[in-house]
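Have a look at the structure below, then the notes.
The values are calculated or read from the model by the stated rules, or taken from the named source; none is laboratory data. Nothing here was measured: the structure is a model prediction, and the numbers come from that model. Don't worry about glycine lacking a Cβ; one is built from the backbone with ideal geometry, like all the others, and counts go over all protein chains shown.
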Amino acid sequence: MKKKILLTILVFGSLWGCMEIIASVYLNIPHSSVIPTILGLAVLAAARFLVKTPGSSTAIGTVALLFRMATAGHFYCHLWAIFLIGVSFDVVVSLLGARWEKTKWQGLAGISSAYLATALFSVTMTYIIQYEYWASVGLPKVLDYIGVNGSLIAVGALLFVPLGYKLGKPLMTLSKARPTPVLIGSVLLTLILWGIGFVF
């Protein structure tokens, strides 16, 4: 069981981290963090089907953070955002408990995670870390980030979080039916993802 939990955290954290790296290279658009955040929440939802342990989403976020740090330099604000997304999703899903397994609550979890993560990020960057880009503008910047980025992420998460959770079911079935090939494949996939990360 511990091996399964650790492998799930490692694989899904690496997948999320790899998506963050690719997005940082190719998404030169306004609000470029929105798409990788939505995909990250979908990854967290799929992983939560496999591992329901509270704290697992935070651990996946931590792996994604380390992936981003190891392969793309020390963009500390990006790292902090990734960690807070994992924490926010963890808190919301843990509070929902068994209700999380119903589609309507999964959509609500996605929306709640979007607003909680953007609120935590903008408030901490402005008032605790006091990063100049945020602190120089203050509350208007915080409200704009939550209102615009948070809402865009919430709309995407409403769809992609339930989809991510549904993806977890066939993955669970496959892992039970063919545990050894899945184990080998998971290790290889993790190595490939880290290789892709270093290439970018």
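Give the residues of region 152-175 that are polar (S, T, N, Q) and in contact (Cβ under 8 Å) with a residue 24 or more places away in the chain, sorted by residue number. Break it down stepwise before answering.
Applying the first criterion (polar (S, T, N, Q)) to region 152-175 yields 173, 175.
Within region 152-175, Ser175 is the sole residue that qualifies.
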If Lys52 passes every condition in (1) closer than 20 Å to Leu191 by Cβ; (2) more than 11 Å from the chain's Cα centre (by Cα) but one, which one does it miss?
(1)
Among (1) more than 18 Å from the chain's Cα centre (by Cα); (2) in a helix (DSSP H, G or I), the one test that Ser122 misses
(1)
For residues that are more than 22 Å from Tyr127 (Cβ to Cβ) and not in a helix (DSSP H, G or I), scanning just region 32-73, find the one that is modelled with the lowest pLDDT.
Gly73
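If you go through region 129-151 one residue at a time, how many are surrounded by fewer than 19 Cβ atoms within 10 Å (Cβ to Cβ) and under 19 Å from Ile82 (Cβ atoms)? Working first, answer last.
Step one: of region 129-151, the residues surrounded by fewer than 19 Cβ atoms within 10 Å (Cβ to Cβ) are 129-133, 135-141, 143-144, 147-148, 151.
With under 19 Å from Ile82 (Cβ atoms) added as a condition, the list becomes 129, 131, 133.
Within region 129-151, residues that are surrounded by fewer than 19 Cβ atoms within 10 Å (Cβ to Cβ) and under 19 Å from Ile82 (Cβ atoms) number 3.
Just one of Gly110, Gly197 is in a helix (DSSP H, G or I), over 21 Å from Ile5 (Cβ atoms), within 18 Å of the chain's Cα centre (by Cα) and at pLDDT below 95; which is it? Walk me through it before giving the result.
On the way: Gly110 fails: at pLDDT below 95.
None of the others qualify; the one that does is Gly197.
Counting only residues that are more than 10 Å from the chain's Cα centre (by Cα) and within 19 Å of Gly164 (Cβ to Cβ), how many does region 64-89 have?
Step one: filter region 64-89 for residues more than 10 Å from the chain's Cα centre (by Cα), giving 66-80.
Okay, now just the ones that are also within 19 Å of Gly164 (Cβ to Cβ), so 67.
So the answer is 1.
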Give just the number: which of (1) of a type outside the set (A, V, I, L, M, F, W, C); (2) more than 18 Å from Tyr165 (Cα to Cα); (3) in contact with a Pro (Cβ under 6 Å, 6 or more places away or on another chain) does Ser24 not satisfy?
(3)
